[in-house]
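Derivation of every value follows stated rules applied to the coordinates shown; laboratory data play no part. Nothing here was measured: the structure is a model prediction, and the numbers come from that model. Cβ sites come from the backbone with ideal geometry, for glycine too, and all protein chains shown count toward neighbours.
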Amino acid sequence: MERQFMVSRVSAPTMRQLGDVIPLPAAVRPDSTADFRIPSGVSVSAAPAAAAVADELGVLLRRVTGFAVPVKEEEPENGGFRLRLDESVDEAKSPESYRLDIAADGVTLSAPAAAGLFAGLQTLRQLLPETAGGEVTIPGGRIDDEPRFAYRGTMLDLARHFYEPADIRTFIDTIAQFKINHLHLHLTDDQGWRLEIDGWPRLTEVSGGEGTGIDGQGPGFLTAAEYADLIAYGETRFVTIVPEIDLPGHVNAAQVAYPELTCDGEPVQPRTDAEVGYSSLCAGKEETYAFVEDVIRVVAGLTPGPFLHIGGDEALSTTAEDYRTFMTRVLPMVGRYGKRAIGWHEMAAVELPPTAVPQYWRIEPADDGVARAAAAGHQVIMSPADRSYLDMKYDESSPLGLDWAGLVGVERSYDWDPADRLPGVGEESLLGVEAPLWSETLRSRADVEFMVFPRLLAIAEIGWTPRADRSWPEFRRRLAEFGPRWTAQGVNFHRSGEVDWK
Ligand code: TNX
């Protein structure tokens, strides 16, 4: 890949360098003769299909320049921002690819699809100052960019602690700036059930009620309408929601609501401690499958995205045989309702439908079937806990987080590669990477932000940037710029001592 960094240049104080972007773009060609000073009469032009991205660019430009910045359909003769959808582009190109041309007379952003324009807009946003303050100049040159992996995700655990929809929307706004394009919602667990399911009202009435969060916090669940609103909001940020219903373990909350879901039909007690592995659906009971099929049907019906995550982790009180019986029956249901199943890597112990995606979280490689699944053509999502788990403490002094997978500082989050993690699971087997955030120790959006930022940017860059172009010292330098940006955006990021924050 082509790359040239400028060694020095004379620039206005607000001006950034063309490559100062996270994730680092695939190809950056600075041209110091082509800097664009934004003039007061500037406008944005876009074809109707790109109008939403154009409106957003208009808002950003008004904020940083104070100019009127009209958004129009016709392209100005010169001096403006032009957004172009070029559907004739090579079909092999990712829909998220884009080209950003910055010349002395204007800026042209082109892409084969709206997703690419949105990705390019995030790059452009980082080349602008975050807040208003004088003349704005954008560094000249060309960026040609596309993602390494199609799936770049993070996860919120709503089961251990519920986050209000407004907080989830704010979170989506922040992650989308780094081209994270999937948000996995862990909606059910032993403590609580956080998505309303038509026909099974007690799931949320009882297990989404007061006291169902860790240590008795609570209450909270998403109504079907709130869930639909979140999905629609995600679509405006090109973030696909991936719902998880965790089965056959992690089901105490379902069994509290419906005792017929235990093997003996006896009621179980609500639990809000952080133990795992004690609950299981009953693989030998027909009621189990009636329930599971109903839930899968409803969740699939509420979810336009391609994926439905069925958990499958830590089913420590399900025998291996029962696990196999259960998964072999349930995995095809996901396909019948039109979705592609994702499951934690334990799922790979069974024969998988062709499109199923194991999500690997292990620390040490083990013979758990993931490499076999990859050899059979399955795509894998990499989430090794010792690198990508955002609920691990940064260091001994972290006030929040767990440490069972070790301490995960910012360099540790960055300095690994998903294609080296597991023998037999190389570049071509990877759908992408995800950084999950479990909520046992978290209580608020501020806590979430503290754990996620800056580490998610490491995972975002791993998922997007060509591997050969990544370097920790260089990433660390670019990361420092986000201190003032996050302060301006009100993001409660962790001022890790590994970074010389601006
Ligand atoms: C393991 S890794 C879990 C979760 C916990 C998490 C805490 C995995 C798929 N499951 O149930 O919340 O550790 O770090």
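Listed values, structure above:
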| read-out | value |
| --- | --- |
| Principal-axis tilt of helix 224-236 within the chain, Cα atoms, nearest 10 degrees | 30 |
| In the chain, lysine pairs closer than 25 Å at Cα, eight or more apart or cross-chain | 7 |
| Theoretical gain in end-to-end length, Thr319 to Glu293 [0.36 nm per residue, Cα-Cα removed] | 7.2 nm |
| Label point distance in nm, Ile363-Asp417, each placed 7 Å from Cα along Cα→Cβ | 2.5 |
| Euclidean distance of C-alpha centroids, the range 19-96 and the range 122-146, integer Å | 10 |
| For the range 321-463, projected area of the alpha-carbon convex hull averaged over all directions, nm² | 9.4 |
| Span per principal axis, largest first, for the Cα atoms of the range 67-138 (Å) | 42, 26, 20 |
| Nearest-0.05 FRET efficiency for Leu402 and Cys263, computed from C-beta distance (R0 30 Å) | 0.45 |
| Total formal charge among the other residues, if their Cβ is under 15 angstrom from that of Tyr289, Lys/Arg +1 and Asp/Glu -1 | -1 |
| Nonlocal amide H pairs with Val71, under 5 Å, H built at 1.01 Å | Val44 |
| Bins of 20 Å from zero: percent of alpha-carbon pairs in the chain | 23, 54, 22, 2 |
| Sorted peptide list for 224-233, 325-334, criterion being average Cβ within 10 angstrom, highest first | 325-334, 224-233 |
| Difference of contour (0.36 nm per residue) and Cα-Cα distance, Asp167 to Glu286 | 39.0 nm |
| Protection proxy ranking of 285-292, 303-310, 466-473, 450-457 - average other beta-carbon atoms within 10 Å, highest first | 450-457, 303-310, 285-292, 466-473 |
| Rotationally averaged projected area of the range 206-268 (alpha carbon convex hull; nm²) | 5.4 |
| Gain in span if fully extended, Leu60 to Ala225, counting 0.36 nm per residue against the direct Cα distance | 56.4 nm |
| In degrees, nearest ten, helix 320-336 long axis to first principal axis of the chain (Cα) | 50 |
| Cα pair distances exceeding 20 angstrom across the range 407-502, given as percent | 42 |
| Cα-based radius of gyration of the range 419-458 once divided by 2.2 N^0.38 Å, which approximates compact folds | 1.59 |
| Neighbour net charge for Gly209 - beta-carbon separation under 13 angstrom, K R +1, D E -1 | -1 |
| Local electrostatic count at Thr355 - Lys and Arg +1, Asp and Glu -1, tallied over other residues with Cβ under 15 Å | +2 |
| Relative contact order (%) - criterion: Cα under 8 Å, at least six apart; region: the chain | 13 |
| Calculated from backbone phi, Karplus (6.51, -1.76, 1.60) coupling profile of the range 60-71 in Hz, x at Gly/Pro | 4, 5, 4, 5, 8, 9, x, 7, 6, 6, x, 10 |
| In nm, spacing of pseudo-spin labels at Asp20 and Glu474 (7 Å Cα→C-beta vector) | 1.6 |
